[in-house]
Amino acid sequence: MTILTVDEAFDTLARGATLVTRSRRLSRHLRFSYDLRQQSRGIAVWETPDVLPWGAWLNRAYSRLVEGADKPETFPTVLSPAQDAALWETVIGRSLLNNSNHLLDLRAAARQARSARELLLEWAGEHEEIDWNATADTDAFHFWHTRYRRELKDNKWIDEAGIPDRLLAAKPAAWIDKAQPVLLAGFDEYTPREQRLIARLSAARVQVCEVRTRSREHAEVERLIALRDTNDEVDHAARWSLALLERGESGPIAVVVPELSRLRARVEHVFTDVLGSTALFNISLGRPLAEYPIIAAALRAVSLAAEEIPIRAAGSVLRSPFFEAAETEMAARARADTQLRRSGTLTTSRRLLAREAAPLFRAALARFETVLSSAPARQSPARWAATFSRLLHGLGWPGERKRTSAEYQAAGAWADLLSQFARLSTIMSSMTVDEALRSLADMAREAEWQPQADPAPVQILGVLETSGFDFEHLLVLGLHDGIWPAPPRPHPFIPYAAQRRFGMPHATTDRELAFARATTDRLRTAARDVTFTWPRWEADQELRPSALLAALPAAMRPMQPAAKPVALVTLEQFEDDRGPEFTGSVQRGGARVLQDMAACPFRAFAVHRLGAKPLEEPTFGPDARDRGTLVHAALRNLGCEREPSRGQVEAAVRAAIEANKDEMGIGPQLAALEQERLTELLERWFALEQTRLAAYRIVSQEAERNVVIGGLELGVRMDRVDELADGRHVILDYKTGEPKMKQWETERPEDPQLLIYAVTHDRPVAAVAFAQIRADGIRYEGIARDVSILPGIGAMPEEEWNAYLDDRKRVLTELAQGFRSGDARIDPKNGRTCDRCELTPVCRIKESELVAGAV
């Protein structure tokens, strides 16, 4: 083939040639470069160049073949990728009905089968001599493939993988303008079938040229840098990019990430933080369409058509800004979500949702219900697509607020998705609403998409996507010997002998080595300045650089960003760790105020001063907190009874369940189980009570009082107070969880409520203890003056007792004074504190640590 430079190729394009690229990204890049070239030459108006990726070019060629035929109706209809996937699922699903080996994931098997067919046709063609009995998987694929081809033939369909063979069977003059050259760009290698197509064009006197997009034979500067781990590599890549931008270096600048799909989230996060703006970089790998908020909202909204609606999905619709009157009813809808989460079930219904919803949302649900009720139980995908559109319209999607550019584009992508879904009617005559919802959601999860934006100076790419590009600065990270060259990954559905025989990608060690060597050579000439990095460690495994990089000179870290960015967004940081002093009377929250203060001052301030509370997670039936409430309620119902009969315990438990069943979502069957469980638990508790040696009487249950400590007045409620014969008191706190008494002696005690009661009580205290009431342990845990007071608790001498309580009062006083003064420092007690805290999205401690590590 004739070799052309980019300028020569653009001149040929201007005369009507077609430029075919390996990837869509390269097509967009070359089309944009062509436009810039025309502008730089002072040309005001020009025809759009004919630049398109290989797959689109094949589809267009087939359309020309059909349109130019004498009998176009005799040609098979091309299936869209979604239709093709549905056909594979249908074929495989039918075959499994008569087979005892059932697949766990039918859709994944269909994806693998599609890729196996594409690989087979590109590299081996329809070779019947392949031994398909090599493994159970290859035998199954051959069985499915035979029936798949029969379905294509019987229905006069053709998949995209079959188009090149139809073109090869026809004269090139029937599907291409041989008067115009065909230019090829970005092809590192050609498959055997691609080679046959190109040879066929050349034989028909069509001029085929290859475009050389690079102007250099080697990089001017090359270096190899060792970094600590993958996280360090990503951080370094972002800072390297920032340094180049600050220096005013000309682009394009590229960062190549071999495992981009796995690292995408971290790469996006770190580059956003370091560069300060998402407009400065672009990640080539899109995200699943379903992950974009406006699309996720649409999917959850149409899922309201199901009989059972997950509580989380219903709550997400209520909180979403993408529906009618979302801003107007924001607070009311948030309250409705909270009520749903307290229902004690994992699912709800449209009727219950409407009962809890605010008026305008209730009206939208009524419109939703009207549309749904008119839809048949089974209908075609096309009719379901129309139904889903009407359902969303009834809910007012995409909302009342002005959409961003990305949201506007995503809404268009949703329309395209519904159009693709509607085309499934060719394959499936009808489906239920649940089947339709599941299929639509699967398509949204599998569709990779990203909004169009202006070209960014920093491009983040996968290894294959660099083919055909020319950069000024290039950094390639992650090339350690574990992944470069990559270990072989033979396709499970094609016999290994056939893959080795036809030289299929990823089949053998030699094949992977040759690919990695060729790609490394290409990357080394892809920019004027090339840097490779590799991680020394992955978890606890020590790594080595890829042997393919051995010839590169090792270097220390290159350019570091300036202390103050020059031409980028400047982020100002300041500490704001103190709120206004508490000047009220009684602080709500009781002992929990000091418990949160000990855990983290910010948590105490956010929860008890700002009223920050996380959304409750929906649960099925009573959760651990609910079961604790039932224990307290049953004991309260028993009053001061010390030796109740079984009948009294059963009655107290029954009354507790009856009073809380609606709020906790306890149905008849759960009620019976809870009745039995709780009755047995309390009988074991009263059996322990009867082993106490010292005489006592119960003087109060859940008594409320105000206490003052460190100038802070708190309202508390003591579960129980017993009085001994000598007038001293024993303070008990019922616990259905694990008490944290071992943490009492620290400067930041956990579960300090008993200590608060002890140091502020108005009568002499002989013991304070947790009364642990749980299936795996019925016991007392605390401190006491005498061994006879509570079973299992030893005595503490009087001097030690007084000194201990005085010291604990000092600690609690300091915590109370800190809270009262407005201390709001983000200062978790330890690493576990944040793991159990729901407020990390508010304090953003994780993001702060990430940014600190990147600077």
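The values are calculated or read from the model by the stated rules, or taken from the named source; none is laboratory data. Because the structure is a prediction, the values reported are computed rather than measured. Here the Cβ positions follow ideal geometry from the backbone for every residue, glycine too, while neighbour counts run over all protein chains shown. We work out accessible area using only protein heavy atoms, side chains counted, and drop any ligands, DNA or RNA first. Shrake-Rupley method; radii C 1.70, N 1.55, O 1.52, S 1.80 Å.
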Restricting things to Cα coordinates, could you compute the convex hull volume per residue of region 663-720 in Å³? 148 Å³
GLU249 versus GLU641: modelled label distance in nm, points set 7 Å from Cα along the beta carbon direction: 8.0 nm
Would you compute, from DSSP H runs of 4+ residues alone, the mean residue ellipticity of the chain at 222 nm, taking -39500 (n - 2.57) per run and dividing by the full residue count, rounded to the nearest 500? -14500 deg cm²/dmol
Counting only heavy atoms of the protein chains, get the accessible area per residue of region 702-855 (1.4 Å probe) and round it to a whole Å² value. 46 Å²
Obtain the nm distance between the two label points defined at ASP776 and GLU704 by a simple spin-label model: each point lies 7 Å from its Cα along the Cα-to-C-beta direction. 3.5 nm
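Pulled fully out, how much extra length does the chain show between VAL221 and HIS269, if you take 0.36 nm times their separation in residues and subtract their Cα-Cα distance? Could the numbers behind the result be given before it?
Details: separation 48, 0.36 × 48 = 17.28 nm, distance 2.91 nm.
Once the chain is fully extended between VAL221 and HIS269, it gains 14.4 nm.
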Only sites in a loop by DSSP and with at most 11 other Cβ atoms within 10 Å count here; which GluC sites (Glu not before Pro) in region 138-240 make the cut? GLU217, GLU220
Distant-in-sequence amide H partners of ALA254 (H built 1.01 Å from N, under 5 Å): GLN459, HIS473, LEU474, LEU475
Using modelled backbone amide H atoms (1.01 Å from N, in-plane), which distant-in-sequence or interchain residues come within less than 5 Å of ALA326's amide H? GLU400
Which shape class applies to region 483-536: rounded if a/c is under 1.5, otherwise prolate when a/b exceeds b/c and oblate if not, where a ≥ b ≥ c are the square roots of the Cα gyration tensor eigenvalues? prolate
Run the accessible area of the chain with a 1.4 Å probe and give the carbon-and-sulfur part as a rounded percent. 51 percent
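Does region 80-167 classify as rounded, prolate or oblate by the C-alpha gyration tensor (a ≥ b ≥ c root eigenvalues; a/c under 1.5 gives rounded; else a/b over b/c gives prolate, otherwise oblate)? Each step should come with its number before you reach the end.
Details: a/c = 1.75, a/b = 1.22, b/c = 1.44.
Oblate shape, in that a/c is at least 1.5 and b/c is the bigger or equal ratio.
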Quick check: Cα centre of region 14-31 to Cα centre of region 284-339, how many Å? 40 Å
Can you grab the distance from the C-alpha centre of region 423-461 to the C-alpha centre of region 728-784, Å, no decimals? 56 Å
Quick one: angle between helix 509-524 and the longest Cα principal axis of the chain, in degrees between 0 and 90, rounded to 10, please. 80 degrees
Could you derive backbone 3J(HN,Hα) for region 401-414 from the dihedral phi with the Karplus parameters 6.51, -1.76 and 1.60 (θ = phi - 60°), listing whole Hz in sequence and x where the residue is Gly or Pro? 7, 5, 7, 6, 4, 5, 5, 4, 5, 5, 4, x, 5, 5
Based on Cβ point charges of +1 for Lys and Arg and -1 for Asp and Glu, what charge dipole magnitude is obtained for the chain about its Cα centre, in debye rounded to the nearest 20? 1960 debye
Can you work out the Karplus-derived ³J(HN,Hα) for every residue in region 76-81? Use 6.51 cos²θ - 1.76 cosθ + 1.60 with θ = phi - 60°, whole Hz, and x for glycine or proline. x, 7, 6, 7, 6, x
Options PRO841, ILE826, LEU714, ranked by Cα towards positive dipole end of region 699-855, top entry (Cβ charges): PRO841
Within region 115-140, the residues whose backbone N lies under 18 Å from a label point placed 7 Å from the Cα of THR146 along the Cα-to-Cβ direction are 117, 126-140
The rounded separation in angstrom of the Cα centers of region 73-98 and region 469-538 is 34 Å
With θ taken as phi - 60° and the coefficients 6.51, -1.76 and 1.60, list the Karplus ³J(HN,Hα) couplings across region 348-364 in order, rounded to whole Hz; mark glycine and proline as x. 9, 9, 5, 5, 5, 5, 5, 5, 8, 6, 6, x, 5, 5, 4, 5, 5
Prolate/oblate/rounded call for region 379-502, Cα gyration tensor, a/c under 1.5 rounded: oblate
0 to 90° range, to nearest 10: angle between helix 54-67 axis and the chain longest Cα axis: 60 degrees
Cα-based helix-to-principal-axis angle, 845-854 vs the chain, degrees rounded to 10: 50 degrees
Under the rule of at least 5 residues apart or a separate chain, name every residue whose amide H is placed under 5 Å from the amide H of VAL787. ALA795
